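A short worksheet on the structure shown next.
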Amino acid sequence: MSIIGSLPGRLLKAPEHFVDVQGVKQVWAEGKRGRRDFIRQAFAAAAAGAAAGGSGAALAQGNPVSADGGDPNILNLPAHTTGLGQAVVTDGYGKPSQFERNVQRRQSPGLTQTTQASVSFAPLQSLFGIVTPSGLHFERHHQGWWDIDPSKHRLMINGLVKTPKVFTVDEIMRLPSVSRFHFIECGANTGMEWGNVAVPTCQYTHGMLSCSEFTGVPLVTLLEMSGADWSKGRFVLAEGADGSSMTRTIPVSLIRSGEVLVAYGQNGEMLRPENGYPLRLVVPGVQGVSWVKYLRRIELGDMPYATKDEVIHYVDLMPDGKHRQYTNIQEIKSVITTPSGGQVLLDKGFYSVSGLAWSGRGKVRRVDVSVDGGRNWRRARLEGPVLDKCLTRFNIDWVWDGKPAIVQSRATDDTGHVQPTYAQLRAVRGRRSIYHNNAIQSWLVQENGEVKNVQVS
Ligand SMILES: Nc1nc2c(c(=O)[nH]1)N[C@H]1C(S)=C(S)[C@@H](COP(=O)(O)O)O[C@H]1N2
Ligand SMILES: [Mo]
């Protein structure tokens with residue numbers, strides 16, 4: 001087994017502009033200090049308690065206990081136990097604790113030349129379960145985001161339809177709605193890792209991935225209302241209202257099944273402006289670029305549209321020099337989020353290894369985990385719920401013996417597709433692609449507990 005990229009020199013060889021060294025180091029340092037201090041304080045309190053004969057009062061930071069034990073002030077209880085808390089939130093919309101301020105979506109400085117045509121990555125390493133909080137959903141904009149007035153926004157349906165129609169947002173929201181949980185993954189997620197190990201944390205390797213409950217109306221309903229000609233109509237063109245002229249072709253088969261939604265809701269509230277407010281297309285299992293935001297037009301046509309985002313971008317460069325087009329489906333993939341690159345294991349002993357698995361073809365059937373670089377595999381537990389084209393959380397018990405270990409996860413979906421190794425993926429796809437890297441991710445746990453991104457072939 002050879003480990004690519006495990007040497008510091010290798011890591012430095014990665015294009016420097018991909019690595020948000022400062023941001024990440026700061027997170028590691030603060031995270032580490034915070035946890036160690038916490039443990040130290042807990043020990044100090046316990047020791048003081050023991051010294052004072054283990055009385056409950058003494059446990060509170062070792063203060064002297066009064067003879068009669070009658071004065072409650074002597075307990076020196078924390079203010080949050082004895083004082084008056086804060087008034088109900090007056091700004092009307094809650095925020096996370098101040099102690100969680102390191103949990104942020106982050107840009108990779110220098111990855112893109114402007115902050116409008118750019119990406120922010122979701123902090124997967126800090127999240128639980130399967131739902132991405134809306135404020136931490138990754139962002140990908142080709143021409144900046146907008147907060148569009150929903151009373152002025154319109155969705156036009158035209159092309160091979162009997163009655164072209166223009167819908168207001170209110171009209172769409174009057175129709176019967178459906179709510180479904182789905183992942184969205186940018187086709188370029190993990191794209192920086194094709195050639196070599198490139199970035200330090202799972203936020204940057206896999207963070208163009210999020211999962212929400214989306215609410216909206218099946219696109220097929222709007223097409224039916226407009227008198228779609230299904231005998232001729234085979235593809236739909238979806239168009240956004242921002243300056244990027246984001247236009248994508250969607251095959252009618254996905255639409256007629258009722259899967260594709262014109263969504264206005266995300267995690268119980270309206271979509272966030274960054275994520276396409278007031279309307280976005282939800283195309284379950286398909287790469288993020290087809291989830292057109294600020295959706296303003298749907299045209300039914302009889303052939304693929306070959307738009308700029310289907311000809312110049314979002315094509316896969318194959319080893320023979322040809323481009324593969326219209327690779328819509330996000331194939332079976334998984335990543336361990338704990339332990340993952342940039343984290344530090346404080347001591348040997350028990351850990352719950354945890355991560356995410358997803359497939360654009362259906363449900364995750366199983367996830368296997370290796371802690372020895374792929375020699376031996378054990379089946380992980382799938383935490384419920386296991387939903388169609390949705391993130392699935394898995395975990396497995398691990399007792400770390402303090403020696404170097406390479407942790408990996410390998411997912412299988414209910415169509416039988418298995419996540420490939422880098423060697424298997426590169427044998428078919430080469431190393432020069434940007435999109436659709438679903439290879440098995442490896443994290444090296446070093447003896448000092450620091451975890452780093454490596455590739456195993
Ligand atoms: N109108 C519009 N839709 C768009 C884009 C865009 O720039 N403009 N970016 C696409 C790409 S490439 C991706 S990966 C997803 C990202 O969605 P998000 O920003 O909600 O995460 O939106 C897609 N839809
Ligand atoms: Mo994307």
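The values are calculated or read from the model by the stated rules, or taken from the named source; none is laboratory data. Quick caveat: nothing in here was measured; it's all calculated off a predicted structure. Neighbour counts run over all protein chains shown; Cβ positions are idealised from the backbone, glycine included. Heads up: the accessible areas ignore ligands, DNA and RNA and are worked out on the full protein's heavy atoms, side chains in. Shrake-Rupley method; radii C 1.70, N 1.55, O 1.52, S 1.80 Å.
One table, with the values for the structure above:
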{"read-out": "The stretch 98-117, residues that are under 23 Å from residue 267 (Cβ atoms), of a type outside the set (A, V, I, L, M, F, W, C) and open to solvent by less than 60 Å² (accessible area, probe 1.4 Å)", "value": "102, 105, 106"}
{"read-out": "Considering residues of the stretch 278-291 that are assigned to a loop (DSSP other than H, G, I, E, B) and within 16 Å of residue 188 (Cα to Cα) only, the residue nearest to ligand 1 (Cβ to nearest atom)", "value": "291"}
{"read-out": "Single condition residue 357 does not satisfy, out of (1) surrounded by 14 or more Cβ atoms within 10 Å (Cβ to Cβ); (2) at pLDDT below 95; (3) in the same structural domain as residue 448 (by TED's automatic domain parsing)", "value": "(2)"}
{"read-out": "Segments classed as strands (runs of 3 or more DSSP E), wholly inside the stretch 323-420, with at least 1 members that are within 25 Å of residue 204 (Cα to Cα), in contact with a Cys (Cβ under 9 Å, 6 or more places away or on another chain) and among the polar types (S, T, N, Q)", "value": "333-338"}
{"read-out": "Where a residue in the stretch 136-147 is in contact (Cβ under 8 Å) with a residue 60 or more places away in the chain and assigned by TED's automatic domain parsing to the domain that holds residue 287 and its partner, wherever it lies, is assigned to a helix (DSSP H, G or I) and more than 14 Å from ligand 2 (Cβ to nearest atom), with Cβ under 6 Å and at least six apart", "value": "145/273; 147/273"}
{"read-out": "Exclusive hit being of a type outside the set (Lys, Arg), open to solvent by 10 Å² or more (accessible area, probe 1.4 Å) and within 16 Å of ligand 2 (Cβ to nearest atom), set 195, 191, 207, 159", "value": "191"}
{"read-out": "One residue from 172, 148 being surrounded by 18 or more Cβ atoms within 10 Å (Cβ to Cβ), touching a strand residue (DSSP E or B) at 6+ places or on another chain (Cβ under 8 Å) and not aromatic (Phe, Trp, Tyr)", "value": "172"}
{"read-out": "Which numbered condition residue 314 misses (of (1) surrounded by 16 or more Cβ atoms within 10 Å (Cβ to Cβ); (2) at pLDDT 95 or above; (3) in the same structural domain as residue 149 (by TED's automatic domain parsing))", "value": "(2)"}
{"read-out": "Residues located in the stretch 211-268, provided they are in a loop (DSSP other than H, G, I, E, B) and surrounded by fewer than 17 Cβ atoms within 10 Å (Cβ to Cβ)", "value": "227, 229, 230, 231, 232, 234, 243, 245, 257, 258, 268"}
{"read-out": "Condition check for residue 41: at pLDDT 50 or above and either in the same structural domain as residue 134 (by TED's automatic domain parsing) or more than 30 Å from residue 140 (Cβ to Cβ) (or both)", "value": "no"}
